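S.K.: Structure in structure tokens, see below.
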Amino acid sequence: MRLCQATLREIQMPLVRPFETSFGRTTDRRILLVEVDADGVTGWGECVAGERPSYSPETIETAWLVLRDFIWPMLARKEFSAAADVWEILSPIRGHNMAKAAIEAATWDAEARQKNLPLWKLLGGTLHEIPCGVSIGIQESYEELERVVERELAAGYQRIKIKIKPGYEVEPVARLRRRFPKIRLMVDANSAYTLDDAPHLRELDAYYLMMIEQPLGWDDIWSHAELQRQIQTPICLDECIHTEEHARAAIALGAGRIINMKLGRVGGFTPARRIHDLCLEHGIPVWCGGMLESGIGRAHNIALSTLADFTLPGDVTASKRYWTEDIIDPEVTVMPQGTIHVPRAAGIGFEPRRERIEQLTVRLEVLR
Ligand code: OSB
Ligand code: MG
């Protein structure tokens, strides 16, 4: 296959409600979409880099620059056999995984459409229904947090993840446990703690959480291994795992027992599948994380979540939790039992709504 054109565009969409984590609050999303033309067939991808370099070093601006000036010149009009080759072609570029993943995923969508196959089938996925959980941002009050959890449980979601930060962890967890003794509950710290907080984090062991996600430094695998020896709650790594080598090191060191997989963080479907296979081999369950994606990124996450080791509920949720109106048709919906039915249509299985995307576009650049 051959890519003869790529369109970069920035769309802006306000979130239905602000999303707060230990590193900041997001009210409006700036989203970089990539559209490729592969032998006359269109494929779509979404870059999950944030507005600020606070979750990862990448931002929408760095991704735009690297896509235009470095990634595109390496891919343009080059003959390759399948989307699975894109990762290798881009290997001379170090890092910039979110930029790479955006065009890699768009190429996978295009290949699946060329072959008239759903993307998940092309990837080798086997699950037809994927279990969903929600990620709940830091709330103004514990009463509000309980109301939000109640609403999400009523919608059917199978597990609740709450964001925590120093001073907002034991108390909210204790309250939720008192109120909802049996739910599957977990927390995500987004690197807000240090090893000195180990005795405090150990207090969370009393609440039988499924896991604590990324408590320590975003690039500090070693300290997570040390912490895991001091607490019973399983550690799940998110920010720390950018490569297959990171996953290998984390597993060998015992830095965690679960991995949160994000396409953007690891650089696309090819590296995600390799990390998935490694985890499967070592008995480490994985689940698909979210990055406040529009429908396009959501659709890619659904396809990824059909791989066999995605056994735990992911942060893959209905469009309406984030957007008044999504940019795909149909929107992503979640069944009352808290699952998403995997689409059967070709490619990502949802149609990007071109007219709406054009209305939301604030910047566009066509690369040839
Ligand atoms: O750590 O998983 C995270 C959103 C932005 C950045 C990092 C994270 C998140 C979420 C949101 O938890 C999950 C979602 O998209 O629903
Ligand atoms: Mg996380």
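The values are calculated or read from the model by the stated rules, or taken from the named source; none is laboratory data. This is a predicted model, so every value here is computed, not measured. Here Cβ is always computed from backbone atoms with ideal geometry, including for glycine, and neighbour counts include all displayed protein chains. Calculation scope for accessible area: heavy atoms of the full protein, side chains included, ligands and nucleic acids excluded. Shrake-Rupley method; radii C 1.70, N 1.55, O 1.52, S 1.80 Å.
S.K.: Considering only protein heavy atoms and a probe of 1.4 Å, how much of the accessible area of the chain is carbon and sulfur, as a whole percent?
M.R.: So the carbon and sulfur contribution to the accessible surface is 51 percent.
S.K.: Another question, then. What's the Cα-based Rg to Rh of the range 157-234, Rh via Kirkwood? Working shown, then result.
M.R.: Working: Rg = 11.9 Å, Rh = 12.6 Å.
Radius of gyration relative to Kirkwood radius: 0.95.
S.K.: Per DSSP H run of n ≥ 4, the term is -39500 (n - 2.57); total these for the chain, divide by its residue number, and report the mean residue ellipticity at 222 nm rounded to 500 deg cm²/dmol.
M.R.: So the helix-based figure for the chain works out to -9000 deg cm²/dmol.
S.K.: Right, another one. Could you please state, rounded to a whole Å, how far the C-alpha centre of the range 158-198 is from the C-alpha centre of the range 81-152?
M.R.: Going from one Cα centre to the other spans 25 Å.
S.K.: Going by amide H atoms built from the backbone, whose H comes under 5 Å of the H on Ile328, apart from near neighbours?
M.R.: Gly295, Arg353
S.K.: Another one. Find the accessible area per residue for the chain; the probe is 1.4 Å, ligands and nucleic acids are left out, and the unit is Å². Could the numbers behind the result be given before it?
M.R.: Details: 14300 Å² over 368 residues.
Each residue of the chain exposes 39 Å² on average to a 1.4 Å probe.
S.K.: Out of every Cα pair in the chain, what percent are spaced more than 40 Å from each other?
M.R.: Value for the chain: 9 percent of Cα pairs lie more than 40 Å apart.
S.K.: Counting Lys and Arg as +1 and Asp and Glu as -1, what is the net charge of the other residues whose Cβ lies under 15 Å from the Cβ of Leu176?
M.R.: +2
S.K.: Can you tell me which of Asp205, Asp196, Asp39 moves the most in a GNM of the chain? Springs connect C-alpha atoms under 10 Å apart.
M.R.: So, out of Asp205, Asp196, Asp39, the one fluctuating most is Asp196.
S.K.: Same structure again: Is there a pair in Lys78/Lys320; Lys78/Lys121; Lys100/Lys182; Lys115/Lys161; Lys262/Lys320; Lys115/Lys163 whose C-alpha atoms are over 31 Å apart, and which pairs would that be?
M.R.: Over 31 Å apart, Cα to Cα: Lys78/Lys320; Lys100/Lys182; Lys115/Lys161; Lys115/Lys163.
S.K.: When the dipole is taken about the Cα centre of the range 282-368, and only Lys, Arg (+1) and Asp, Glu (-1) are charged at their Cβ, what size is it in debye, to the nearest 20?
M.R.: Value, rounded to 20: 60 debye.
S.K.: While we're looking at this one, here's another question. State the antiparallel share, in %, of DSSP beta bridges confined to the range 159-286, rounding to the nearest 5. Mind dumping the intermediate values first?
M.R.: Values: 1 of 13 bridges.
Expressed as a percentage, antiparallel bridges in the range 159-286 total about 10.
S.K.: Apply the Karplus curve 6.51 cos²θ - 1.76 cosθ + 1.60, θ = phi - 60°, to the phi angles in the range 86-98 and return the couplings in whole Hz, x for Gly and Pro.
M.R.: 4, 4, 5, 4, 8, 4, x, 8, 7, x, 6, 4, 5
S.K.: Around Glu293, with a cut-off of 12 angstrom between Cβ atoms, what is the net charge of the other residues, counting Lys and Arg +1 and Asp and Glu -1?
M.R.: +1
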